[in-house]
Amino acid sequence: MPRFHAWIAALLGVLALAAAPGICNADSSRPLRRVFMLHSFGQQFEPFHTIGTTFRTELSLHSPGPIEYYEVSLETARFAEGEVDQPLADYVRALCAKQPMDLIVPIGAPAFRFAARHQGDIFSNVPILVAGIEERHLKGTFLGSRTAVVTFSLDLVRFVEDILHILPGTTYVSIALGSSPLETYWAAEMRKAWQGFTERIEFSWLDDQSLAGMQARVAKMPAHSAIVFGFIGVDAMKVPYEQAGALDALSAAATAPMFGFFEPELGHGIVGGRMIDVRRVGTTSAQVAIRILGGEPAESIAIIPVAPAKPIFDGNELNRWGIHSSQLPAGSEVRFSRPTLWQAHRWKLTALVSLIAFEAGLILLLMKNRQRLRTTRAELLKNEENIRLAARAARLGFWTLDIDRDRLWITDEGRDLFGWSKTEPVGFERFLETLRPKDREPAKREMRRALSGGVDFEREHQIVLADGRERWIATRGRAQKNGEGKPFLLSGVSMDITSRQRAIHEAQELRRELSHTSRLSLLSQFTTSLAHELGQPLGAIQRNADAAELFLKAHPPDLVEIHSIVTDVRNDCQRAGLIIERLHAMLGHREIAVQNLVWNEVAHEAANIVRADSQARGISLEIETPLGLPHLKGDRVHIEQVLINLIANAMDAIDTSPNGERRVTISARAKSNGTVECSVHDTGPGIPAQCLSGIFDPFVSTKANGMGMGLPISQTLIETMGGRLWADDHSGKGATFRFTIPVADS
Amino acid sequence: MNDSVPLIHVVDDDPSFLKALSRFLGAAGFSVKKYESASEFLSLRPLGIPGCVVADLRMPEQSGLDLQTALADSPDPLPVVFLSAHGDVPSTVRAMKQGAEDFLTKRAPKEDLLLAVRRALDRDARERRERERQQDLHHRLSGLTQREREVFAQVVEGKLNKQIAAELGIHERTVKLHRTSITNKLGLRSVAELTRLAKDAGLLP
């Protein structure tokens with residue numbers, strides 16, 4: 001955690017190194033020593049402030065005896081060195097006269113020069129320790145006796161080289177520098193030193209700017225540029241800046257990496273480099289001071305240079321400007337290598353990162369889902385569009401019925417289908433109203449069945465539209481049950497089946513027409529037979545009438561006989577009537593009417609129609625009815641039609657073999673599978689094997705004037721009744737045609 | 001020779017019509033006997049009684065035409081009047097060809113029916129008389145000697161006694177004696193009568 005605190009301190013940049021004025025603790029038995037510290041600008045100006053502070057602290061710590069510090073600043077040095085010396089010199093002289101000083105410590109070049117100027121008159125016999133001047137300031141300066149100097153050295157060329165090493169592409173460098181005499185001196189030194197770089201680098205000097213102006217300039221640095229923070233004690237507007245004030249202000253505005261000369265600047269926005277270790281200057285000075293105070297002659301110590309520190313960099317700034325540590329000079333130290341957020345808050349960050357990762361995962365998942373949703377939605381839309389198209393093409397209407405509230409949601413196609421407007425609220429009742437009255441009750445029953453029995457609601461119904469057109473609609477729906485198993489929704493689909501229904505109807509009509517035509521054709525073969533059949537009762541009636549006439553003429557009329565005649569006439573009339581009815585049934589157009597039938601009646605009725613013909617042709621017609629034969633379920637006329645057709649064929653077959661027995665036998669027997677098998681057997685030549693398979697095909701006829709429709713139609717009729725029709729050949733002993741009819745429900 | 005009342009045989013498989021027709025014919029003054037099929041008629045009819053048959057043309061098993069054929073072959077034929085519930089040309093033609101007395105529909109006016117029946121009865125009477133006469137003739141011819149038959153055959157051919165004598169190698173007077181005997185035996189008075197008899201007996205073309 002100390003690193004963290006250090007980082008916090010650096011970040012805040014407000015940790016002031018407080019001076020510890022006054023007397024420091026030490027061995028009180030030793031004589032008190034007085035040290036006079038002479039500051040160049042003010043106590044708070046850097047780098048002198050750090051040097052002074054370190055010096056005082058170190059000296060107090062390591063001095064064998066107590067030390068009293070006296071501190072004076074050459075405030076005027078900021079503006080014009082030397083011109084206003086006198087009042088300060090008088091003050092210092094007075095001070096030193098009152099309190100004899102053991103050591104004079106000028107800090108910085110102006111203070112050094114002041115001390116040098118006044119060594120003779122004020123500081124005579126007092127050793128002088130110059131704590132921290134750049135060695136350039138010693139040039140041309142005569143170091144007096146009793147003077148020791150702790151120097152440091154600024155290698156300006158190397159400074160720029162280092163910048164170029166770290167930022168090789170640098171083409172523009174701004175130099176922020178104050179405008180005090182000391183600073184002006186350094187500006188000149190720098191211009192001189194950096195002359196060799198001007199081809200490569202454009203230098204921009206900001207020493208004529210106020211701090212605000214400098215701020216504005218460093219805020220708009222071009223690409224590939226750097227800022228050199230020289231030294232700002234006083235800006236061009238003569239505003240003084242103590243400690244790191246100016247640096248902090250510039251650093252905040254800087255848009256390029258900033259480089260400086262003094263180590264204390266590190267942490268205030270300076271990237272770093274080979275900087276002057278001003279604390280060591282302070283520490284070294286303190287050590288020298290102890291030696292001088294211990295009695296060692298200052299002149300023997302003379303000049304002690306403090307080597308430049310190894311390259312030091314501010315990790316935060318490196319990060320800020322994206323400078324990788326591999327770009328730094330070998331042996332560089334990175335300070336404030338700010339624990340990355342990761343190191344500082346490992347656990348918090350782990351948690352945070354995990355959270356973020358988790359959330360990112362979630363977001364990713366969501367996005368993926370959303371993408372998928374979008375894809376799905378697009379597909380759905382496409383599908384929906386397809387369905388809509390299909391629905392429109394197929395005239396399909398989708399609907400959902402809320403059963404409790406009787407609200408029907410239905411697609412526009414559905415509404416079109418039922419002839420409802422797009423806005424009209426509809427429900428099951430409205431649906432019922434659309435139906436023909438006779439269909440409503442069955443629809444209700446079907447609905448109840450669907451809801452209670454869990455079966456599909458399925459109906460084909462006919463509706464009459466407002467314009468009188470009729471439409472057939474097939475509707476199919478399924479109930480959805482709520483948690484309690486109670487149906488609450490019925491969803492389904494309705495479809496226009498008008499054309500299908502029409503086609504079915506037409507096919508039925510056609511089949512009926514064909515069956516009718518076939519019947520007419522069939523019966524036309526038996527007109528004589530029919531006339532004969534009808535002639536019997538009519539003849540009887542005629543003769544009875546004649547007889548009655550004669551009986552009436554008698555005296556007295558034989559009323560008993562006449563009564564008997566009336567009875568007979570009535571019976572024959574009924575008989576004739578039945579024949580006519582049957583003929584009408586056979587000849588007329590009719591709907592299929594499935595009913596329970598007695599085999600014997602059906603067989604005889606059919607036989608009666610052909611009987612006269614069979615008699616004329618000398619063919620006997622026998623009907624066999626086993627006892628206990630169940631009733632049949634079918635259409636009387638159609639079964640008779642089939643029987644007549646088969647008998648007619650049988651008789652024709654017999655006619656083709658003139659010799660032998662001439663008999664047609666009609667019989668029936670119950671089968672175990674719920675049908676009655678009826679058969680027509682003849683004594684004809686049988687059916688040639690090659691014909692057997694094709695005899696039920698239409699237009700296949702062995703007869704000269706046959707149309708070949710009799711058997712196919714018979715087959716259709718039988719199949720419509722749920723039966724089957726086939727033929728057996730008895731190889732030379734005739735043929736048998738058989739068909740099955742379902743047994744009637746008991 | 002037979003004075004019994006003619007009997008009308010009604011044959012029809014339709015019981016109702018059989019009853020009605022019989023009733024009518026009865027009411028019209030005829031003696032009627034009913035049969036429900038041709039076979040019943042053929043086996044049960046009384047023989048030797050004049051009358052006629054009124055039969056349905058179409059009947060199961062034996063039809064009216066079968067009945068007629070069987071009847072014609074019998075020693076006691078009767079004329080047949082055919083009835084049909086519905087007249088159609090082919091069966092009518094067949095019936096008439098086979099010698100049907102008449103062909104009527106079952107609903108024919110009663111006058112037509114009665115006329116047909118009476119005609120049939122008349123014909124039956126006529127044929128019956130003729131049959132009796134023929135039988136009598138054959139009976140009489142059967143009383144002639146061999147020589148008399150030979151002479152009879154020559155006579156009916158219109159040959160003269162002299163020619164007959166020469167033909168048979170006998171005397172002309174003998175021929176005359178035979179002729180007298182023949183007319184006596186046959187109950188005839190003249191050769192003309194003899195010739196007519198021979199013709200009736202089928203001896204002459």
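Computed quantities for the displayed model
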| item | result |
| --- | --- |
| Qualifying residue in the range A:231-246 (condition: open to solvent by 60 Å² or more (accessible area, probe 1.4 Å) and within 52 Å of the chain's Cα centre (by Cα)) | no |
| Only listed residue being of a type outside the set (A, V, I, L, M) and within 13 Å of chain A (Cβ to nearest Cβ), chosen from B:79, B:50, B:46, B:60 | B:60 |
| Failed item, numbered, when residue A:597 is tested on (1) more than 10 Å from chain B (Cβ to nearest Cβ); (2) open to solvent by 60 Å² or more (accessible area, probe 1.4 Å) | (2) |
| Criterion violated by residue A:650 - all others in (1) under 14 Å from residue A:678 (Cα atoms); (2) surrounded by 24 or more Cβ atoms within 10 Å (Cβ to Cβ); (3) not acidic (Asp, Glu) satisfied | (1) |
| Members of the range A:535-549 that are hydrophobic (A, V, I, L, M, F, W, C), open to solvent by less than 40 Å² (accessible area, probe 1.4 Å) and facing another protein chain (nearest Cβ under 8 Å) | A:540, A:541, A:547 |
| Number of the exception - residue A:453 against (1) open to solvent by 70 Å² or more (accessible area, probe 1.4 Å); (2) of a type outside the set (Lys, Arg); (3) over 35 Å from the mean Cα position of the chain (by Cα); (4) modelled with pLDDT under 80 | (1) |
| Meets criteria (more than 14 Å from chain B (Cβ to nearest Cβ), over 43 Å from the mean Cα position of the chain (by Cα), surrounded by 15 or more Cβ atoms within 10 Å (Cβ to Cβ) and more than 25 Å from residue A:416 (Cβ to Cβ)) for residue A:518 | yes |
| Strands (runs of 3 or more DSSP E) wholly inside the range A:88-186 that include at least 2 residues being closer than 19 Å to residue A:73 by Cβ | A:103-107, A:128-134 |
| Filtered residues of the range A:199-211 (kept if open to solvent by less than 70 Å² (accessible area, probe 1.4 Å) and in a loop (DSSP other than H, G, I, E, B)) | A:201, A:206, A:207, A:209, A:210 |
| 3 or more residues open to solvent by 10 Å² or more (accessible area, probe 1.4 Å): qualifying strands (runs of 3 or more DSSP E) within the range B:31-128 | B:31-35, B:102-105 |
| Within the range B:135-192, tally of residues that are free of Cβ contacts under 8 Å to residues at least 24 places away in the same chain, under 30 Å from residue B:76 (Cβ atoms) and assigned to a helix (DSSP H, G or I) | 4 |
| Residue within the range A:302-317 that is closer than 12 Å to residue A:128 by Cα and crowded, with 16+ Cβ neighbours inside 10 Å present | no |
| Of all residues making up the range A:643-688, the number that are closer than 21 Å to residue A:609 by Cα and acidic (Asp, Glu) | 3 |
| Boolean, residue A:209 is free of Cβ contacts under 8 Å to residues at least 24 places away in the same chain and either farther than 29 Å from residue A:306 by Cβ or out of contact with any strand residue (DSSP E or B) (no Cβ under 8 Å at 6 or more places or on another chain) (or both) | no |
| Checklist (1) more than 9 Å from every other protein chain (Cβ to nearest Cβ); (2) polar (S, T, N, Q); (3) in contact with an Asp or Glu (Cβ under 9 Å, 6 or more places away or on another chain) applied to residue B:74, failing item | (3) |
| Single residue of the range B:8-25 satisfying the filter (more than 8 Å from every other protein chain (Cβ to nearest Cβ) and without any contact (Cβ under 8 Å) to a residue 40 or more places away in the chain) that is nearest to residue A:546 (Cα to Cα) | B:22 |
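The values are calculated or read from the model by the stated rules, or taken from the named source; none is laboratory data. Small disclaimer: the values here were computed from a predicted structure and weren't measured. Counting neighbours? That spans all protein chains shown, and the Cβs are built from the backbone with ideal geometry, glycine included. To get the accessible areas, we keep the full protein, side chains included, count just its heavy atoms, and leave off ligands, DNA and RNA. Shrake-Rupley method; radii C 1.70, N 1.55, O 1.52, S 1.80 Å.
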